[in-house]
Amino acid sequence: MRLKHLAPVLAVGVLTGLSPALTAGPAAAAGGTPAAPSPGQALDWRACDLPTNPDYPTPAGTQCATVTVPLDHRKPEGKKIALEVARIPAAKPTERLGALFLNPGGPGGEAVRTAPVLDAFVPDAVKDRYDRIAFDPRGVGLSTPLACGLTPEQRPGLHPYSKTGFDRAVALNRDFAAKCRAKHGDDLLQFTTRNTARDVDLIRAALGEEKTHYLGYSYGSYLGAVYTQMFPQRAGRIVLDSAVDPKEAWRGQWRAWGPETHRQFERWARWAARHPDTHRLGDTPAKVRASFWKLVAAADRSPLRLEGGSLDGDGLREVLWSSFDTVRSATVVVDNLRQVAAGRPAGEFPPGTLPILDEWPDPGASAAWSVLCNDASWSKDPESYRAQARRDKARYPLYGDYASSITPCAFWKDPVEPTTRVDNTVGALIVQNEWDAQTPLKQARGMRADLKGSRMVVVAGGEDHGVYGAGRSACADGVTTRYLLTGKLPAGDVTCQADPAPRGTTVPQGTDPVLPLMR
């Protein structure tokens, strides 16, 4: 889960209504399991209208198509919605193994218009053997985008706790939920991970594939796990990168950021103390911590003025949390902010480390919150959020109250289906960095326990969010590629070492717009 990749790369059109499709969609069984599509669901492939990006050119042969699915899979003959799909063909079609579905994270992460970027992280050996399938989940991007008509002032998010600020946060979140309900009614309740998993299976059938092979990052790991639970017989080679714990969806996932951020903070303080001449934050962990909290106190007295906005003490806490890609990036951010506070020119901030100054447009926020609120049951008592925020702030002062604040889900209608309990023996591969602040290692271990047939690759010393194809560990990449090419999992869980230095690539902005509302 990644703050710095939360801002979307592309503008998304605003949905004025859930428009019905022109053709009948595939039937679904009474229990919600889709059957194979009828012959009328043949896909009409066409050239894709993708943004021009010289760094990530559109691969040759890329085509797009629209798949029609039921809005409510329990009512297959009812209202339909349209999903957009992009296909990049295998480079060696005579050696083709199938279709590999790609999900960049979210909820709210687009894949079609970022397909060339996503594809850049797939090794050539895998590109040779698989078609790559990028799809926008329902409500996202080009797949019947969901919007509630929010103004910037109504943008939902996680807020730090304060006596005066909490009442305002309650009002903002209540208004957001009411606005979505007024615009979309009960249609809103059909934007869920379970329904997206059903959509994936219908796309698989429309493609004529027997199995769904899948590579999902962050939230995409949850979608992949839900798919294995709902369609275990159709699950092929499943890679879940930077995994969440299905048992913690979703509030538990966020609250885990409180203790995890504290753990990352302590690790960062130890590292910065070993480099006092370079960073001048102190020569002991205690002095480094004191330097940061002194900066927070100063910003509370007089917010730091930066291009695009200002940061008070709460903003600084959030910025440091979002900067735990690596201990080096966090130190650079604090160094620069101290220069700003002293009235001196600051150095260059690492890309995306000031997300609090960005805006998350309405379509992405509306779709993301709809999925999060519809996937699980939430407390409807605002005071329960106040109590948790106060308690977590005392325990984990860097980020605890942010992770426990009230959300629109407190004012949402109850879900139409229970939260998915993942408990199966599908042979998935889970890939995880040891020091991922967004999806902590503990969460991935929870996923590993739920997927009893899975194996896990941990990158010891690995930092940041996202492993496969991002230059973190040649060892982890090799294990993952071998699994995708052979279908054979390692005999047991694997520990790989992080590469000693970056190999020139990082997960690019926009490929993991995970939980864009988290600020």
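Points worth noting:
- Among the residues of this structure, D362 does not count as one that is charged (D, E, K, R), surrounded by 19 or more Cβ atoms within 10 Å (Cβ to Cβ), within 18 Å of the chain's Cα centre (by Cα) and at pLDDT 95 or above.
- Only one entry of G282, G258, G315 meets the criterion of being more than 27 Å from G466 (Cα to Cα) and not polar (S, T, N, Q), and that entry is G282.
- Comparison of T94, T58 shows that the only residue that is surrounded by fewer than 21 Cβ atoms within 10 Å (Cβ to Cβ), outside any loop (DSSP other than H, G, I, E, B) and free of Cβ contacts under 8 Å to residues at least 60 places away in the same chain is T94.
- Some residue of the range 68-85 being at pLDDT 50 or above, more than 30 Å from K183 (Cβ to Cβ) and assigned to a loop (DSSP other than H, G, I, E, B): no
- A367 vs. criteria in contact with an Asp or Glu (Cβ under 9 Å, 6 or more places away or on another chain), in a helix (DSSP H, G or I) and of a type outside the set (D, E, K, R): no
- Failed condition for V467, given (1) part of a loop (DSSP other than H, G, I, E, B); (2) at pLDDT below 95: (2)
- Residues in the range 97-123 that are of a type outside the set (D, E) and in a helix (DSSP H, G or I) were compared, and the one that is nearest to Y217 (Cα to Cα) is L118.
- Verdict on G31 being surrounded by fewer than 17 Cβ atoms within 10 Å (Cβ to Cβ), modelled with pLDDT of 95 or more and outside any strand (DSSP E or B): no
- A single member of D167, D201, D186 is out of contact with any Cys (no Cβ under 9 Å at 6 or more places or on another chain), part of a helix (DSSP H, G or I), modelled with pLDDT under 95 and among the charged types (D, E, K, R), and it is D167.
- Residues of the range 391-410 satisfying the condition of being of a type in the set (G, A, S) and assigned to a helix (DSSP H, G or I): A394, G400, A403, S404, A410
- The set of residues in the range 419-444 that are assigned to a helix (DSSP H, G or I) and buried (at least 24 other Cβ atoms within 10 Å of the Cβ) comprises Q443, A444.
- Single match in R503, R448 (criterion: of a type in the set (K, R), at pLDDT 95 or above and surrounded by fewer than 23 Cβ atoms within 10 Å (Cβ to Cβ)): R448
The values are calculated or read from the model by the stated rules, or taken from the named source; none is laboratory data. A quick note: this is a predicted structure, and the numbers were derived from the prediction, not measured. Neighbour counts are summed over all protein chains in view; Cβ atoms, including those assigned to glycine, are modelled from backbone coordinates with ideal geometry.
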